[in-house]
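Here, each number is a calculation from the coordinates, and none is a lab measurement. If you're wondering where the values come from, they're calculated on a predicted model, not measured in any experiment. Cβ coordinates were reconstructed from backbone atoms using ideal geometry, including for glycine residues, and neighbour counts include every protein chain displayed.
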Amino acid sequence: MQILHASVLEFARMNTLPGNKFLSVSLLSLLLTFGIAPSALSQSPPPKLSVHWEELTAADFREGIHHSQGTCLLPFGILEKHGPHLPLGTDLLDVRYAALHAAEKEYAVVFPEYYFGQIAEARHQPGTVAYSREMQLALLQETTDEMARNGCKKVIIVNGHGGNESLLPFFAQSQLDKPHDYVVYIFDERSPASGGPPKKTSIDMHAGESETSKMMISRPDSVHIDRAASESGADQRRQKLPEDVYTGIWWYARFPNHYSGDGSAATQELGKFQIDWWIDAVVKTIRAVKADEVSLKLQNEFYEKSKHPLDTRP
Ligand SMILES: [Zn+2]
């Protein structure tokens with residue numbers, strides 16, 4: 001019956017071509033013969049929309065924006081050394097893996113590869129692409145502006161790169177400097193705080209046990225585990241300052257090889273646990289953002305009040 005049904009649908013599709021009146025009549029009698037109501041034809045599921053912005057046609061993009069309720073993901077990666085054993089694009093590959101899988105579960109349109117973030121601290125290493133701060137902020141603003149102009153009124157930046165942890169909240173705060181008709185949401189977690197297979201290492205900030213484990217799931221072909229112990233990812237503690245004093249050179253002072261931890265401790269089990277957690281966390285974020293009807297309203301109220309602050313009363 002399934003096969004018959006499919007072939008009837010195919011037959012019907014062919015008969016939507018103009019000048020096929022005779023066949024259309026035949027189709028109707030065929031449907032009646034097999035007891036299929038013509039209305040059954042309209043019940044075929046719609047073709048699955050891609051979550052990839054760049055893979056949608058213009059018309060399907062319109063459909064995608066509608067289907068996602070204007071919710072779009074901007075997975076944010078970087079190009080930087082990842083120890084001696086992981087590829088330069090580790091953060092980009094991992095964050096896209098998590099974001100794309102999440103969008104498949106809870107539909108959202110996912111922006112193409114984006115890796116124009118803060119990575120000044122790795123400029124001494126091969127393959128790092130470090131844009132100026134002016135360029136980072138201008139490009140991110142124009143990107144989210146263009147996303148919003150195309151209907152993404154809820155832009156979720158899914159951060160895959162630790163070095164963006166100051167840039168992104170600053171970018172979100174700076175959205176209050178002038179009116180925008182959309183909201184920027186930031187999701188900046190990549191691993192659960194606890195649970196899962198016990199970890200073997202205590203320092204694990206960059207290309208270490210967790211990140212290497214995740215790459216064993218997202219892109220196992222790009223992991224050179226045999227090289228993971230060929231450099232030191234130990235904390236060299238070269239700065240003698242109180243913990244609450246910040247300098248830009250802190251990372252280089254501690255991890256000059258741009259490696260923090262020990263990737264050779266990685267396992268697929270840990271990677272699977274962490275990646276599944278990440279995908280699930282992004283799904284929850286997409287759902288929460290879709291349900292959020294407050295942020296844009298408050299933003300608009302704020303923009304309006306900020307035009308005449310002397311009228312604001314407690
Ligand atoms: Zn990384």
In degrees, nearest ten, helix 58-67 long axis to first principal axis of the chain (Cα): 80
Sequence-distant aspartates and glutamates (8 or more away, or on other chains) whose Cα lies within less than 19 Å of LYS48: GLU10, ASP60, GLU63, GLU104, GLU106
Point-to-point label distance, ARG227-SER166, nm (Cα→Cβ direction, 7 Å offset): 3.0
Gain on full stretching of the segment that runs from PHE302 to HIS67 - 0.36 nm per residue minus C-alpha separation: 81.7 nm
Share of pairwise Cα separations in the chain, more than 24 Å, in percent: 63
Rg/Rh (Cα only; Kirkwood hydrodynamic radius) as it applies to the range 165-314: 1.11
Crossing angle, helix 2-14 versus the chain [Cα axis fit, 0-90 degrees, rounded to tens]: 80
Crossing angle, helix 209-218 versus the chain [Cα axis fit, 0-90 degrees, rounded to tens]: 20
Simple label model, 7 Å out from Cα along Cβ direction - GLN173 to GLN236, nm: 3.1
Estimated distance in nm for a label pair at GLN141 and SER194, the labels positioned 7 Å out from Cα along Cα-to-Cβ: 4.3
Shape call, the range 234-314: gyration tensor on alpha carbons, a/c limit 1.5: oblate
Most to least packed among 189-199, 84-94 [average Cβ atoms within 10 Å]: 84-94, 189-199
